[in-house]
Amino acid sequence: KSVFMSQSTDIYTNLALEDWMYRNMDFRNHHVMMVWRNEPCVVIGRHQNPWLEANVPFLSEREIALARRNSGGGTVYHDRGNLNITFFTPRERYNRKYNLELIKRALYRGFG
């Protein structure tokens, strides 16, 4: 079990890193929690239409990045005030309670 904290705050770098880890690492016996933050951006899911999900001209005017992640899900806003967490673990070993405990311990180590 490992915790990887990205030093980047660039959404494109962080999504690429998340995708690279997913495609290239073996998580059968090694679980990873990736923690990351981004500068202001809007992230849409794999099948979403950015013109329906976000005010694209507004984002462009304010130089707010618009990115698409490889997973599904809704549109979300990120900035340095929120913490993004990705768990890499086999589906059959996914344990929500354990993952929440892992987050709690990591936060306690960092801020406790």
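Read-outs: derived from the displayed coordinates by stated rules, not from any lab. Note that the coordinates shown come from a computational prediction; the quantities given were computed from them, not determined experimentally. With ideal geometry, Cβ positions are generated from the backbone for all residues, glycine too; neighbour counts draw on all protein chains shown.
Tabulated data
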quantity: Cut-off under 5 Å, modelled amide H: who pairs with ARG68 long-range; calculated: ILE44
quantity: Loop-located chymotrypsin sites (Phe, Trp or Tyr not before Pro) in segment 70-112, at most 13 other Cβ atoms within 10 Å (DSSP); calculated: TYR94
quantity: Under 5 Å, built H, 5+ apart or other chain: amide partners of VAL32; calculated: SER2, PHE88
quantity: Value of [θ]222 nm, deg cm²/dmol, for the chain, DSSP H segments ≥ 4, -39500 (n - 2.57) each, nearest 500; calculated: -10500 deg cm²/dmol
quantity: Estimated dipole of segment 5-84 in Debye, rounded to 20 [Cβ of Lys and Arg +1, of Asp and Glu -1, Cα centre]; calculated: 240 debye
quantity: Spacing of the two label points (7 Å from each Cα toward its C-beta) at GLN7 and TYR94, in nm; calculated: 3.2 nm
quantity: Neighbour-count order for GLU92, GLU39, GLU101, fewest beta carbons within 10 angstrom listed first; calculated: GLU92, GLU101, GLU39
quantity: The chain: angle of helix 11-24 to the longest principal axis, Cα-based, in degrees nearest 10; calculated: 40 degrees
quantity: Label-zone membership for segment 1-42, site ALA65, 7 angstrom Cα→C-beta point, backbone N under 12 Å; calculated: 7-18, 37-42
quantity: Restricting segment 1-96 to trypsin sites (Lys or Arg not before Pro) in coil, as DSSP defines it, with at most 11 other Cβ within 10 Å; calculated: LYS1, ARG28, ARG46, ARG62, ARG80
quantity: Computed lengthening from HIS47 to ARG105, 0.36 nm per intervening residue step minus Cα-Cα distance; calculated: 17.4 nm
quantity: Ranked list, fewest to most other Cβ atoms within 10 Å of each Cβ, for THR13, THR89; calculated: THR13, THR89
